[in-house]
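Q: The following block contains the structure, expressed as structure tokens.
The values are calculated or read from the model by the stated rules, or taken from the named source; none is laboratory data. All values derive from a computational prediction rather than experimental measurement. Note that each Cβ is placed from the backbone with ideal geometry, even for glycine, and that neighbours are counted across all protein chains shown. Side chains included, ligands, DNA and RNA excluded: accessible areas come from the protein's heavy atoms. Shrake-Rupley method; radii C 1.70, N 1.55, O 1.52, S 1.80 Å.
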Amino acid sequence: MVLERVPPVLVLHLKRFVFCADEGVKKVHKFIEYPAELALAPAWLARSSGTARYRNARFRLTGVIYHHGSHASGGHYTCDIQRPGGEWLQFDDVDIESLESVDAVLKEKSDRTAYILFYTICR
């Protein structure tokens with residue numbers, strides 16, 4: 001599989017739930033490390049003139065959605081979002097907190113797991 005076009009926002013969905021015949025759907029709690037900046041390997045791009053400008057495309061992490069809880073049938077979702085000026089904010093229902101840096105977003109958390117990552121292309 002190769003990309004014919006590169007999206008302005010790359011959305012990566014981490015598979016957090018698996019089906020077990022004896023227990024049903026279970027959550028995968030394993031910590032998955034993800035970078036603040038991401039580069040697409042040239043092998044991911046189609047060999048066409050339309051993708052040539054994206055050969056060195058870099059993406060910056062701009063959002064993470066987390067799942068809190070142990071089961072697919074329940075839990076809670078929160079997110080960390082980077083504002084255009086670079087400030088990171090954490091949203092939990094009506095509560096909004098400022099985060100010190102992207103390092104707070106990248107570190108392992110004991111109460112939640114990253115579920116969806118948003119990377120915006122650097123222009």
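Q: Could you check, for the stretch 105-113, whether at least one of its residues is surrounded by 10 or more Cβ atoms within 10 Å (Cβ to Cβ), at pLDDT 95 or above and not hydroxyl-bearing (Ser, Thr, Tyr)?
A: yes
Q: A follow-up question, please. Could you check the stretch 33-60 and list, in sequence order, the residues that are out of contact with any Cys (no Cβ under 6 Å at 6 or more places or on another chain), within 18 Å of Gly86 (Cβ to Cβ) and either among the charged types (D, E, K, R) or open to solvent by 50 Å² or more (accessible area, probe 1.4 Å) (or both)?
A: Listed by number, the residues that qualify are Pro35, Glu37.
Q: Just the residues that are among the aliphatic types (A, V, I, L, M) and in contact with a Leu (Cβ under 8 Å, 6 or more places away or on another chain), please, taken from the stretch 72-105.
A: Ile81, Leu89, Ile96, Leu99, Val102, Val105
Q: Let me ask something else about it. Taking the options Val28, Val64, Val6, Val18, name whichever one is open to solvent by less than 60 Å² (accessible area, probe 1.4 Å), β-branched (Val, Ile, Thr) and under 16 Å from Arg123 (Cβ atoms).
A: Criteria check complete, one pass: Val6.
Q: So Thr78 clears everything in (1) open to solvent by less than 40 Å² (accessible area, probe 1.4 Å); (2) in contact with an Asp or Glu (Cβ under 6 Å, 6 or more places away or on another chain); (3) in contact (Cβ under 8 Å) with a residue 40 or more places away in the chain; (4) not charged (D, E, K, R) except one condition, right? Which one?
A: Of everything listed in (1) open to solvent by less than 40 Å² (accessible area, probe 1.4 Å); (2) in contact with an Asp or Glu (Cβ under 6 Å, 6 or more places away or on another chain); (3) in contact (Cβ under 8 Å) with a residue 40 or more places away in the chain; (4) not charged (D, E, K, R), Thr78 misses just condition (3).
Q: State whether the residues of the stretch 66-81 include one that is in a strand (DSSP E or B), modelled with pLDDT under 95 and of a type in the set (A, V, I, L, M).
A: no
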